[in-house]
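Take a look at the structure below.
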Amino acid sequence: MNHKMLKPVEGQLEAYNRGDIDAFMLHFSEGCVVEDGAGQLLMQGWDAMHASYKKMFEASPELHCNLVSRIVLGEYILDEERVTGRNGSTEESHVVAVYKVENGQICHIRFLR
């Protein structure tokens, strides 16, 4: 397993669980693309991601993502996640995040829900 490929994915997850927007954003490329499962663009670029995640972190003091399983396939990392505390919700979200890593940063994410 290529641990260099895992470093940004692991780093962003740790920062996400701390609600640390600055540490979180260090793991993404400037032009990172975020899509839903159908390939519809949710956001693109560091500024859009920073604004969206900062707002979510501020509104979600209990936010936590639990990694259920992980598959590494070349430059792709597929994380099965269980998320709780998003925007104050008590519901658990089941998500598969497909991260593409290039040059030590996440450049593309697709969320399957």
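The values are calculated or read from the model by the stated rules, or taken from the named source; none is laboratory data. Source: prediction; values computed, not measured. Every residue, glycine as well, gets a Cβ built from its backbone with ideal geometry; the counts of neighbours run over all protein chains shown. With ligands, DNA and RNA removed, areas are computed over all heavy atoms of the protein, side chains included. Shrake-Rupley method; radii C 1.70, N 1.55, O 1.52, S 1.80 Å.
So which lysines can K4 reach, going by Cα to Cα under 18 Å and dropping same-chain residues fewer than 8 places off?
Once the sequence-local lysines are set aside, what remains near K4 is K100.
Using only Cα atoms, locate the centre of segment 99-113 and the centre of segment 11-70, then give the distance between them in Å, rounded to an integer.
Cα centroid of segment 99-113 versus Cα centroid of segment 11-70: 11 Å apart.
How big is the dipole moment of the chain about its Cα centre under a simple scheme where the beta carbon of each Lys and Arg is +1, that of each Asp and Glu is -1, and everything else is neutral? Debye, nearest 20, please. Intermediate values should be presented prior to the final figure.
Working: 11 positive and 17 negative charges, 25 e Å.
In total the dipole reaches around 120 debye.
Can you give the accessible area of K55 in Å² (nearest 10), computed on protein heavy atoms with a 1.4 Å probe?
150
Once percent of Cα pairs over 26 Å apart is worked out from the coordinates, which option in (1) 37; (2) 9; (3) 17 does it equal?
Label of the calculated value: (2).
Let's test the formula: R0 of 22 Å, r as the Cβ-Cβ distance of R70 and D47. What FRET efficiency results, to the nearest 0.05? Present the calculation step by step, with values, prior to reporting the outcome.
Values: r = 29 Å, r/R0 = 1.31.
That gives a FRET efficiency of 0.15.
At a 10 angstrom cut-off on C-beta neighbours, averaged per residue, how do the peptides 37-44, 78-85, 60-67 rank from highest to lowest?
On the way: 37-44: 11.2, 78-85: 16.6, 60-67: 14.8.
The packing order, highest mean first, is 78-85, 60-67, 37-44.
Given q = 0.20 Å⁻¹, what are the Debye log10 I(q)/I(0) values for segment 1-56, with equal point scatterers placed on the Cα positions and solvent ignored?
Summing over Cα pairs of segment 1-56 leads to -0.78.
Run the simple label-point estimate for V96 and L6 please: 7 Å along Cα→C-beta, distance reported in nm.
2.0
Report relative contact order for the chain in percent, whole number only (criteria: Cα-Cα under 8 Å, sequence separation at least 6). If you can, show how the numbers build up before the last one.
Numbers: 225 pairs, mean separation 30.4, N = 113.
Across the chain, relative contact order equals 27 percent.
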